Amino acid sequence: MQRFDIEHFFRFGKNKLLMNKIQTPDVVHEESWWQLVMIAYTQLYLAREIAESIANPWEKYLPAIQQASREKSPTQVQRAFQRIIRGIGTPAKPPKPRNKSLGRKQGETRLKRLHHSIVFKRKIALEKGYNTS
């Protein structure tokens, strides 16, 4: 049963929460993005009880949508999440206007990114007898 849940989490995370869309050479940034996606999924899970069913026009006659007591899927909760956030409100203050930033100081240089050599796996495949053509 756990594998079933995990596979559905990854499918939903990749399709709806853009889990695999980050492109960064830094592993720390990638892991932070994955944590952010998991936090978003957790919020959807916790909000499933207060989410309203919002049916698309082609779904409103489906029996699964008409059952109000049925537990909502993460996609249904995500669809209703904007209404949930509007109802809760935000503790943040509105942004204050700021002046134009100073930018980089005169003569300051940025560090160049490290470039790593490309790893070719063809040699290993030939040793194991795989056909790479």
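The values are calculated or read from the model by the stated rules, or taken from the named source; none is laboratory data. Because the structure is predicted, anything quoted here is derived from the model rather than measured. Every residue, glycine as well, gets a Cβ built from its backbone with ideal geometry; the counts of neighbours run over all protein chains shown. What goes into the accessible areas is simple: the full protein's heavy atoms, side chains included, and nothing from ligands, DNA or RNA. Shrake-Rupley method; radii C 1.70, N 1.55, O 1.52, S 1.80 Å.
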Paramagnetic label zone (point 7 Å from Cα along Cα-to-C-beta, residue 52; backbone N under 20 Å) in segment 74-100: 74-90
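Report the full-extension gain for the segment residue 112 to residue 21: residue separation times 0.36 nm, less the Cα-Cα distance, to one decimal in nm.
Numbers: separation 91, 0.36 × 91 = 32.76 nm, distance 2.42 nm.
Result: 30.3 nm gained on full extension.
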Counting each DSSP H run of 4 or more residues in the chain as -39500 (n - 2.57), what helix-only mean residue ellipticity at 222 nm follows after dividing by all residues, to the nearest 500 deg cm²/dmol? -14000 deg cm²/dmol
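Suppose the chain between residue 120 and residue 34 were pulled fully straight at 0.36 nm per residue; how much longer would it get relative to their current alpha carbon spacing? Please report the intermediate quantities before stating the final value.
Values: separation 86, 0.36 × 86 = 30.96 nm, distance 2.71 nm.
Contour length minus Cα-Cα distance gives 28.3 nm.
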Greater than 30 Å separation of Cα atoms is the criterion. Which listed pairs, 21/72; 16/121; 16/60; 14/121; 21/121; 16/96, meet it? 16/121; 16/96
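When the dipole is taken about the Cα centre of segment 1-123, and only Lys, Arg (+1) and Asp, Glu (-1) are charged at their Cβ, what size is it in debye, to the nearest 20? Could you put the intermediate results ahead of the total?
Values: 24 positive and 10 negative charges, 169 e Å.
The dipole of segment 1-123 has a size of about 820 debye.
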Would you mind calculating the relative contact order of the chain from Cα pairs under 8 angstrom and at least 6 residues apart, reporting the percent as a whole number? 17
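Which value, in Å², gives the accessible area per residue of segment 1-62 when a 1.4 Å probe is used on the protein heavy atoms?
Values: 5260 Å² over 62 residues.
I get 85 Å² per residue for this part.
Just to be sure I follow the definition: excluding the sites themselves, where is the longest run in the chain that has none of the chymotrypsin sites (Phe, Trp or Tyr not before Pro) in a DSSP loop with at most 14 other Cβ atoms within 10 Å? Walk me through the numbers before you get to the answer.
Details: sites that count: 58, 61, 120, 130.
In short, 62-119.
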Say each of residue 61 and residue 100 gets a label point 7 Å from the Cα, pointing the same way as Cα to Cβ; how far apart are those two points in nm? 6.0
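Viscosity 0.692 mPa s, temperature 37 °C: Stokes-Einstein D of the chain from its Kirkwood Cα radius, in µm² per second? All intermediate terms of the calculation are to be shown ahead of the outcome.
Values: Rh = 20.3 Å.
Estimated diffusion coefficient is 162 µm²/s.
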